[in-house]
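Asks: First the structure, which I've put down as structure tokens, then a few questions once you've had a look.
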Amino acid sequence: MGVSMMLTACASVEPPQVNEVKEDKKTVKVQTHAPIIGGVETMYVDGMKMPFKARVDTGAETSSIDAQNIVPFERDGEKWVAFELVNRRNGEKQKFEKPVKRRTMIVRTGKEERRYVVKLKVRMGKSLITADFSLNDRTKFEYQVLVGRNIINGRYIVDPAIENTLH
């Protein structure tokens, strides 16, 4: 195949198609040509200037974020949680107060751990996403954010051999 034929073939790529998928009584729109992301990507958290390096984990159902000074409290009869996010890259610190969406049980190395789950607004590349994040002390982990299937599904295809595809 000559170069001109290859260029013509490349130029005729069709735009992504969107299919509707029924999922737990709701309709989710899924791109058949979703963007490919790597095993590590950059994520901005609403209210913070510096992005976090995030590990993309297709095995994790819910995303998780490194939260410090987690303090549950009640506001107007509802369960809330106060916490801090501290970006290790530059020391930027932001305090948050969010309603508790739920509590989840995580089992790691035979130990059970209950975590608070809150909704956070984040940006990955050009996508603005509001998603559930479990609050967890991730100081022992290399990455402060774990991106789970609740963000990946229907938005991205993951290739763990590459990194930092979103700008």
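Asks: Among the aspartates and glutamates, select those whose C-alpha is under 19 Å from the C-alpha of K49, and discard any that sit fewer than 8 residues away in the same chain.
Replies: Partners found: E41, D66, E84, E92, E97.
Asks: Using 26 Å as the Cα-Cα cut-off, could you pick out the over-long pairs in K53/K79; K79/K126; K53/K98? Please list the in-between numbers first.
Replies: Numbers: K53/K79 30 Å; K79/K126 32 Å; K53/K98 22 Å.
Pairs exceeding the cut-off: K53/K79; K79/K126.
Asks: What ranking do 70-77, 136-143 get when scored by the average of other Cβ atoms within 10 Å per residue, highest first?
Replies: Listed from highest to lowest mean packing, they are 136-143, 70-77.
Asks: Moving on. Find the Cα radius of gyration of the range 34-163, compare it with 2.2 N^0.38 Å by division, and give the number to two decimals.
Replies: The reported ratio for this selection is 1.03.
Asks: Among residues other than W80 whose Cβ falls under 14 Å from its Cβ, what is the net charge (Lys/Arg +1, Asp/Glu -1)? Don't jump to the answer; show the numbers that get you there.
Replies: Working: positive: R75, K79, K95, K98, K101, R102, R103, K119; negative: E74, D76, E78, E97.
Net local charge, W80 excluded: +4.
Every read-out reported here was derived from the displayed coordinates using simple, explicitly stated rules and does not represent laboratory data. The structure presented is a predicted model; accordingly, all values stated were derived computationally and were not measured. Positions of Cβ are backbone-derived with ideal geometry, glycine not excepted, and every protein chain shown enters the neighbour counts.
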